[in-house]
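K.L.:
Have a look at the structure that comes next, please.
The values are calculated or read from the model by the stated rules, or taken from the named source; none is laboratory data. What you are looking at is a predicted structure, and each value in this text was computed from that prediction instead of being measured. In this analysis, Cβ positions are derived from the backbone assuming ideal geometry, glycine residues included, and neighbour counts consider all displayed protein chains. In case anyone asks, the SASA skips ligands and DNA or RNA and just uses the protein heavy atoms, side chains included. Shrake-Rupley method; radii C 1.70, N 1.55, O 1.52, S 1.80 Å.
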Amino acid sequence: FAANRNLTGRDASYDENLYTTTLDRSSVDERKQIEAERLAREIEGQTTSNLHLAEERGQRIEKDFGKEEYDEEDLYSGVLVKK
């Protein structure tokens with residue numbers, strides 16, 4: 001945001017409510033809530049080779065691509081190519 005302000009002279013704003021929908025939990029019955037929690041556990045418990053999904057699920061990221069460990073560029077902006 002600071003770089004944008006320096007380049008354009010304008011303040012940027014971010015409102016996550018523009019990109020998400022608030023869930024009214026009182027409108028969801030207990031059976032549906034239990035089923036949703038079960039599905040979430042099932043999805044989050046699955047292993048994945050996708051670095052981003054593994055991080056979101058709190059899983060250890062397997063070393064691959066000929067690297068001993070991943071840095072921020074690898075995880076968030078670099079393009080990893082298998083050797």
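K.L.:
Among the listed residues 44, 35, which satisfies the condition of being surrounded by 10 or more Cβ atoms within 10 Å (Cβ to Cβ), modelled with pLDDT of 80 or more and within 17 Å of the chain's Cα centre (by Cα)?
P.N.:
That would be 44, the only listed residue that is surrounded by 10 or more Cβ atoms within 10 Å (Cβ to Cβ), modelled with pLDDT of 80 or more and within 17 Å of the chain's Cα centre (by Cα).
K.L.:
Right, here's the next one. Here are some conditions: (1) part of a loop (DSSP other than H, G, I, E, B); (2) at pLDDT 80 or above. Residue 79 meets all but one. Which one does it not meet?
P.N.:
It is condition (2) that residue 79 fails.
K.L.:
Considering each residue of the stretch 47-56, count those that are open to solvent by 90 Å² or more (accessible area, probe 1.4 Å) and assigned to a helix (DSSP H, G or I), and give that number.
P.N.:
2
K.L.:
I'd like to know if the stretch 5-18 contains one or more residues that are surrounded by 10 or more Cβ atoms within 10 Å (Cβ to Cβ) and either at pLDDT 85 or above or not in a loop (DSSP other than H, G, I, E, B) (or both). Before the answer, list the steps.
P.N.:
Going residue by residue through the stretch 5-18, those that are surrounded by 10 or more Cβ atoms within 10 Å (Cβ to Cβ) are 5, 12.
Narrowing further to those that are either at pLDDT 85 or above or not in a loop (DSSP other than H, G, I, E, B) (or both): 5.
Yes, the stretch 5-18 contains at least one residue that is surrounded by 10 or more Cβ atoms within 10 Å (Cβ to Cβ) and either at pLDDT 85 or above or not in a loop (DSSP other than H, G, I, E, B) (or both).
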